1. Go through the residues of the stretch A:35-42 one by one and say whether even a single one is facing another protein chain (nearest Cβ under 10 Å), within 12 Å of the chain's Cα centre (by Cα) and either without any contact (Cβ under 8 Å) to a residue 12 or more places away in the chain or surrounded by 15 or more Cβ atoms within 10 Å (Cβ to Cβ) (or both).
2. Check B:19, B:80 and return the single one that is at pLDDT 95 or above, in contact with a helix residue (DSSP H, G or I) (Cβ under 8 Å, 6 or more places away or on another chain) and surrounded by 16 or more Cβ atoms within 10 Å (Cβ to Cβ).
3. Give me a count of the residues in the stretch A:58-71 that are touching a strand residue (DSSP E or B) at 6+ places or on another chain (Cβ under 6 Å) and either modelled with pLDDT under 95 or surrounded by fewer than 16 Cβ atoms within 10 Å (Cβ to Cβ) (or both).
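The values are calculated or read from the model by the stated rules, or taken from the named source; none is laboratory data. Predicted model, so just to flag it, every value in this text is computed and none were measured. Positions of Cβ are generated from backbone atoms using ideal geometry, with glycine treated the same way; all protein chains shown enter the neighbour counts.
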């Protein structure tokens with residue numbers, strides 16, 4: 001089944017404790033991206049990657065890192081999480097960059 | 001600054017009638033527009049898209065209209081069904097700017113029996 005998977009789906013952590021949210025797609029898509037969704041703000045792009053070893057900032061990259069060492073995986077790294085990074089995170093992938101297919105989401109709470 | 005705007009946070013429509021969801025954008029560099037549907041606790045699901053070289057795209061019950069001069073697009077759902085109840089996000093991108101999707105804040109559609 002073609003899909004985008006994210007892990008974990010739910011995470012509660014404390015300020016400053018490094019964490020990684022994994023994202024994997026099995027559709028051989030070139031393009032991958034991370035978004036966060038916050039009440040009243042909709043979905044905002046954090047980082048995106050056009051291909052392996054190519055990443056670029058989206059609208060809200062501060063406090064996040066990404067890497068794209070292989071085509072199928074695009075982990076999101078929070079080196080020192082803060083409470084304002086409490087949010088719902090979505091990973092997406094696309095063959096062309098246009099129609100993007102989303103994972104199920106990761107709900108992160110930073111206390 | 002919000003470049004894609006959905007000014008109606010919610011919409012209620014009777015089953016069988018037409019649902020019209022509206023979206024405005026400000027960036028003239030956008031050349032591709034998409035609609036996503038989202039249920040609670042799930043990721044957005046791609047619904048339909050339209051390129052800026054077209055003014056209409058149809059897929060079953062869903063039709064998207066694009067008015068470039070007005071920087072406006074709309075999604076028509078005919079006939080509306082209770083299973084269409086969800087949050088609908090309008091999104092736009094520029095193929096010359098890394099395909100970063102710019103989303104509106106969403107419109108919550110409720111289709112009542």
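1. yes
2. B:19
3. Residues meeting the conditions: 4.
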